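Heads up: the structure comes next, in structure tokens.
The values are calculated or read from the model by the stated rules, or taken from the named source; none is laboratory data. On a predicted model such as this, the values are computed, not experimentally measured, just so you know. In this analysis, Cβ positions are derived from the backbone assuming ideal geometry, glycine residues included, and neighbour counts consider all displayed protein chains.
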Amino acid sequence: MQSSSCSFSLSLSGRHDPARRKLLILGALGLGAVSVAGNKAFAAGGGQSASLAMIGDLQTLDPMMTTADLVGTIMQHVYEPLYTFDDQWNVVPMLAAAMPVISQDGKVFEIALREGVQFHNGKTMGADDVVASLERWTRISPRGKAVAQQISAIKIISPAKIAIHLANRYAPLLAQLAFPSSMAAIFAKDTIATPLTQFIGTGPYKLKERRPDQYTILERFEAYSARTEKPSGYSGRRTAAIKELRFVPVPDSNTRVAGALSGQFAYADLLPVESVGQLERGGDEIVPIITQNFGFPYLVLNTREGALQKQAMRQAVQTAISAEELMAAAFGDPRFFIVEPNFFPKGTPYYSAAGAAHYNNNDPKKAAELARQAGYDGKPIRILTSRQYEFHYNIGMVMVEQFKRAGLAADLQVVDWATLLQRRNDAKLWDIYITHSGLFPEPMLSPPQLGSDAPGWWDTPEKAASLKAFNEEVDLARRGPLWSAVQEVVYDQVPFIELGKFNSLSARSSKLRNFVPGAWPFFWNTTLS
């Protein structure tokens, strides 16, 4: 057998220098943050409690049950996976003791576990907890269900070692196990249930109190079993320096801005980009954070039922859309977006122009003809969006006008984010929903529609064949070009439409120290002065 590591070229590291307004460069994909000093102070109660403004309330506390980033962001403090990402997006051990030993045929991953790790209930983690957790993940997690198709068995070798047996070689396995969204979290076996009633993990924080629509409070886990390595990205030593984290749902983005400026919040997530000037003028105690190439907004189309079940209708929608108009409506300031057909930036292994002819067409006449050929009967296309992500709502408003130009009726349904996440699970309730994903160096990490069970329910022979070839190739030099075939099928069958790439805007108090910007903000290793 051979030892394996999985390496990605993307960085999460960096430090903020308010005086110099230093640019934080975060790696080969351009992920980064520009931090600029501001002037409002955050009253932190002696550094013991931090109020953190999030875009809405949690749909669930179960980190496996949803691909919603908000759940992953908060619950990654409570639960931990076997592997995680360092500041270069390398996959490295977290609850695993080391990188796996992989059989010569690439189908068996033996994983040694850290010993003496305590759960929040005082139990010590063992192989039985890990296997039970992973089996639950493959049964109920949207991401886990997709990975389950590659797994033939998960076995206990000893009290501190497990083995994952694959039906075929599967290059993204370790990255999937490390991903915080729809997390392969490790639970105490005796707490596993569906739905969960106890939220017991191994993380540096444990659940203290939750009041729906008011707050979720996490408190320091005093018996936390930290790794000894230097902190790096999401990996290494995690220290709960702040005793209590209070995650507050603040759906209105302008209220999050005001709260950050007034000192009400130590951190405010995903702010409207038009507020950047206001934050920059805020003074020395507010720090705007612009994260370069943060992610991409995209439209998910319902392939199972409704007006867009036919591929030709989805192609009509794709042809009607001006991605440039939608991105401008969403982000306004050209500093915050780019319009390009490639899913991955130039210079990365998965850069491809495949399918580019179908991108940003803005051709109402051709779209109307495609809809006519598909037998479109004028029934409104139901579009789900939310104002908690203001740019989602702006995309929806402009998209309705684009549809009108092509003779397509639209029904824009504006709901809160939790309701959208609930409705998207029922194929009878929608035709399109608007969302976004982080931009990650492993294609299978986003969007979830590349799996088979995510809302949208895209499942065709062409998809299966292209993904099989892509995922079974473990040599990056050969795997990279195989992404072109996957991207071509996406543009042809239109299960989702990627609109472009965007930079995000958040803000923190200058008194929140050692904060490292990332796709899922984390607050271990941070302090409040």
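All of 357, 330, 353 fail the test of being within 18 Å of residue 410 (Cβ to Cβ), in the same structural domain as residue 303 (by the TED database) and out of contact with any Cys (no Cβ under 9 Å at 6 or more places or on another chain), apart from 330.
Look at residue 354 and say whether it is in contact with a helix residue (DSSP H, G or I) (Cβ under 8 Å, 6 or more places away or on another chain), at pLDDT 95 or above, over 30 Å from residue 249 (Cα atoms) and crowded, with 21+ Cβ neighbours inside 10 Å.
no
The strands (runs of 3 or more DSSP E) falling completely within the stretch 115-227 that include 3 or more residues that are more than 22 Å from the chain's Cα centre (by Cα) and over 17 Å from residue 60 (Cα atoms) map to 151-158, 161-166. The helices (runs of 4 or more DSSP H) falling completely within the stretch 247-325 that include 3 or more residues that are more than 30 Å from residue 342 (Cβ to Cβ) and out of contact with any Pro (no Cβ under 9 Å at 6 or more places or on another chain) map to 253-262.
Here is a yes/no grid of residues against (1) out of contact with any Asp or Glu (no Cβ under 7 Å at 6 or more places or on another chain); (2) in a loop (DSSP other than H, G, I, E, B); (3) of a type in the set (A, V, I, L, M):
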residue: 464; (1), (2), (3): yes, no, yes
residue: 474; (1), (2), (3): yes, yes, yes
residue: 482; (1), (2), (3): no, no, yes
residue: 485; (1), (2), (3): yes, no, yes
residue: 491; (1), (2), (3): yes, no, no
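Please verify whether the stretch 50-60 includes one or more residues that are more than 17 Å from the chain's Cα centre (by Cα), modelled with pLDDT of 95 or more, surrounded by 20 or more Cβ atoms within 10 Å (Cβ to Cβ) and closer than 15 Å to residue 187 by Cβ. Checked against the condition, which is being more than 17 Å from the chain's Cα centre (by Cα), modelled with pLDDT of 95 or more, surrounded by 20 or more Cβ atoms within 10 Å (Cβ to Cβ) and closer than 15 Å to residue 187 by Cβ, the stretch 50-60 yields no hits at all.
Looking only at the stretch 167-186, which residues are at pLDDT 95 or above and under 22 Å from residue 244 (Cα atoms)? The answer is 185, and nothing else. Take the conditions (1) under 25 Å from the mean Cα position of the chain (by Cα); (2) at pLDDT 95 or above; (3) closer than 30 Å to residue 476 by Cα; residue 233 misses just one of them, which is (2).
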